[in-house]
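*Asks:* Please see the structure below; I have some questions.
Derivation of every value follows stated rules applied to the coordinates shown; laboratory data play no part. Everything quoted here is computed from the prediction, not taken from an experiment. When we count neighbours, we look across all protein chains shown, and the Cβ atoms used for this are built from the backbone with ideal geometry, even at glycine.
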Amino acid sequence: MALIRLALDTRKNARNRHGLFPIVLRVFHKKQSLIRLGHYTSINGWDDRNSRLKKSAAMNRNLDCDEINRELDGKLYAAKELARELGSSIDKLDFQGFIDHIKEKWDYNPTSEIRHKIDNQVSISVWGKVVTDRKKSANSPATAKWYQDGIDALVKFNKGKDIMLYDITVSFLKDFEAYHLGRGNSKNTISIYLRAIRSIYNNAIQEDKFIPVKNAFEQYRIPSSTRTKKRVVGKEKIINIKELRYEFGSPLWHTKNYTLIMFYCRGMNFIDLVKTKVKDISNGRLYYGRSKTGNPFSVKITEGLQNILNHYINGKKPSEYLLPTNYDGSSKHYQKYKSQRRRMNERLKIIAKDAGIEGSFTTYYIRHSWATIAKYMGISTEIISEGLGHSSIRTTEIYLKDFDDRILDEANEMIVS
């Protein structure tokens, strides 16, 4: 049977630089071992009979003796409880093996775990609402929806129940991944959900709303997204679109114009097009900020672009929206924008068929086609990346900023002419 007690290690070589002695757990199992417990005091500050710090000792005046004594008692109790649990099996352990098991038991402290959970009463839905509402207030409804989709997927997996951030463990995340793979969902879909959850989780940590014992996302690897092959429309098909004739002012007439404006403006995003105002056009240039990143863009207005813009500028005040879609970029009207985008893509199907474009054709393919046509024409990746606002076709958020407008204008004129 092991002998275990609290003690003060009063050996001369055990003293620290302040002349204080370490409090230890003295363990005798086949041989004696001393485990330092991280607290120090003087000989007069230690009650050897009761194995505790003396509250009355001057040396302990600045210590929370009650809290330290509770901690020491807890460690002593845990070590003795382990010895009782092992019973006769303890004889199969050498002294170091027994010491290691004591330390493992200390590391798993139910009381500390319960306290940690009480101090971290924040759930994915509660904190997710905070960051989602912020994005809505900042007029970033697409990001807000990304967060919400991730939250909804996690809660659905958890049988409709909210989940505390401290319950998001590596095992939980692996089970979530396996669940979605089993339902036939792609790794891309799983990655989108989990990157949203990771963003909320890490945000709670950064703002001191949640203190994890171990960051689950530092141990778990989110499935890598596979690149989705995008449709590329060649320059001859863009020319076909230019030559299409629709009734003036009809929905298809407008859709054709929107398509060409986006192409002429270096693959402009549809959301940026509908937010453009008349005042954004001046001195032969069209200025806009990309909604996704906030980066400013300046595009020289070519002859083909000017011919289209004339239809929309005429009779409007500078403060008015260029197009009749007039989306203000707010979260409040985001559903309106989504409806506009859906109608745009529905009409693009008709335009694609009329222009001899096989398969699907959406607003995003306009952007991708501009980049690919530029690549085929021998324009450098650096200039294409700057023109699109990202470093390459394969990556979307690394920016190159050192190309002047003249180089971009020349590249754009080569592409759209």
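*Asks:* About its Cα centre, how strong a charge dipole does the chain have in debye, to the nearest 20, once Lys and Arg get +1 and Asp and Glu get -1 at the Cβ?
*Replies:* The dipole of the chain has a size of about 440 debye.
*Asks:* Can you tally the net charge around E81? Count Lys and Arg as +1, Asp and Glu as -1, for every other residue whose Cβ sits under 11 Å from the Cβ of E81.
*Replies:* Spelling it out: positives minus negatives among the neighbours equals +3.
*Asks:* For the chain, modelled as a Gaussian network with Cα springs under 10 Å, which listed residue fluctuates most, S89, S224, S186?
*Replies:* S89
*Asks:* Run the numbers on region 3-108 and let me know its relative contact order in percent, using alpha-carbon pairs under 8 Å that are six or more apart.
*Replies:* 21 percent
*Asks:* What is the angle, in °, between the Cα long axis of helix 95-107 and the longest principal axis of the Cα atoms in the chain? Nearest 10 is fine, range 0 to 90.
*Replies:* So the helix axis and the longest Cα principal axis differ by about 50 degrees.
*Asks:* Say each of S250 and I350 gets a label point 7 Å from the Cα, pointing the same way as Cα to Cβ; how far apart are those two points in nm?
*Replies:* Going from the S250 label point to the I350 one covers 0.7 nm.
*Asks:* For the chain, what's the relative contact order in percent, using C-alpha pairs closer than 8 Å and at least 6 residues apart?
*Replies:* Relative contact order of the chain: 11 percent.
*Asks:* Also, I was wondering about something else. Choose one answer from H39, H180, H311: the residue with the largest mean-square fluctuation in a GNM of the chain with alpha-carbon springs under 10 Å.
*Replies:* H39
*Asks:* Across region 143-152, in residue order, what do the Karplus-derived ³J(HN,Hα) couplings come to in whole Hz, using 6.51 cos²θ - 1.76 cosθ + 1.60 with θ = phi - 60° and x for Gly and Pro?
*Replies:* 5, 4, 5, 4, 4, 5, 4, x, 4, 4
*Asks:* Most exposed first by the Cβ proxy, i.e. fewest other Cβ within 10 Å, how do M268, M344, M59, M164 rank?
*Replies:* M164, M59, M344, M268
*Asks:* I need the peptides 336-343, 7-14 ranked by packing, meaning the mean over residues of other C-beta atoms within 10 angstrom, with the highest value on top.
*Replies:* So the peptides 336-343, 7-14, ranked by packing, come out 336-343, 7-14.
*Asks:* Also, I was wondering about something else. Spelling out what I want: for every residue of region 82-87, take phi, set θ = phi - 60°, compute 6.51 cos²θ - 1.76 cosθ + 1.60 (Karplus), and round to whole Hz; glycine and proline get x.
*Replies:* Values, residue by residue: 4, 4, 5, 4, 6, x Hz.
*Asks:* Still on this structure: Using the alpha-carbon atoms, what tilt in degrees (0 to 90, nearest 10) does helix 363-376 show relative to the longest principal axis of the chain?
*Replies:* 80 degrees
*Asks:* Also, I was wondering about something else. From the square roots a ≥ b ≥ c of the eigenvalues of the alpha-carbon gyration tensor of region 235-416, which class results: rounded (a/c under 1.5), prolate (a/b over b/c), or oblate?
*Replies:* rounded
*Asks:* Mind telling me which of A374, A57, A216 comes out most flexible in a GNM of the chain, alpha-carbon contacts under 10 Å?
*Replies:* Per the Cα network of the chain with a 10 Å cutoff, A57 tops the list.
*Asks:* For the chain, build the charge dipole from Cβ charges (+1 Lys, Arg; -1 Asp, Glu) around the Cα centre, then report which of A7, I350, S88 sits farthest towards its positive end.
*Replies:* S88
*Asks:* Which value, in nm² and rounded to one decimal, describes the direction-averaged projected area of the C-alpha convex hull of region 3-108?
*Replies:* Average of the hull's projected areas for region 3-108 equals 7.1 nm².
*Asks:* Using helices alone, I'd like the mean residue ellipticity at 222 nm for the chain: each DSSP H run of four-plus residues gives -39500 (n - 2.57), total over residue count, nearest 500.
*Replies:* Per the formula, -15500 deg cm²/dmol.
*Asks:* Mind listing the phi-derived Karplus ³J(HN,Hα) values for region 312-318, rounded to whole Hz, using 6.51, -1.76 and 1.60 with θ = phi - 60°, and x for any glycine or proline?
*Replies:* Coupling constants for region 312-318: 9, 7, 3, x, 9, 7, x Hz.
*Asks:* How long are the semi-axes of the equivalent ellipsoid of the chain, defined as square roots of 5 times the Cα gyration tensor eigenvalues? Whole Å, largest first.
*Replies:* They are 68, 23, 20 Å, listed largest first.
*Asks:* Can you check what the net charge comes to around L6, using other residues whose Cβ is under 12 Å from the Cβ of L6 (Lys, Arg +1; Asp, Glu -1)?
*Replies:* Around L6, the charge tally is +2.
*Asks:* Quick one: order K353, K237, K275, K159 by neighbouring beta-carbon count within 10 Å, fewest to most.
*Replies:* Sorted ascending by nearby Cβ count, the order is K159, K353, K237, K275.
*Asks:* List the trypsin sites (Lys or Arg not before Pro) within region 167-225 that DSSP assigns to loop and that have no more than 16 neighbouring Cβ atoms inside 10 Å.
*Replies:* Listed in order of number, the matching sites are R183, K209, K214, R221.
*Asks:* What fraction of the Cα pairs in region 124-219, stated in percent, has a spacing above 20 angstrom?
*Replies:* Cα-Cα pairs of region 124-219 separated by over 20 Å account for 34 percent.
*Asks:* Sort the following peptides by mean Cβ neighbour count (other Cβ atoms within 10 Å, averaged over residues), highest first: 366-372, 98-104.
*Replies:* So the peptides 366-372, 98-104, ranked by packing, come out 366-372, 98-104.
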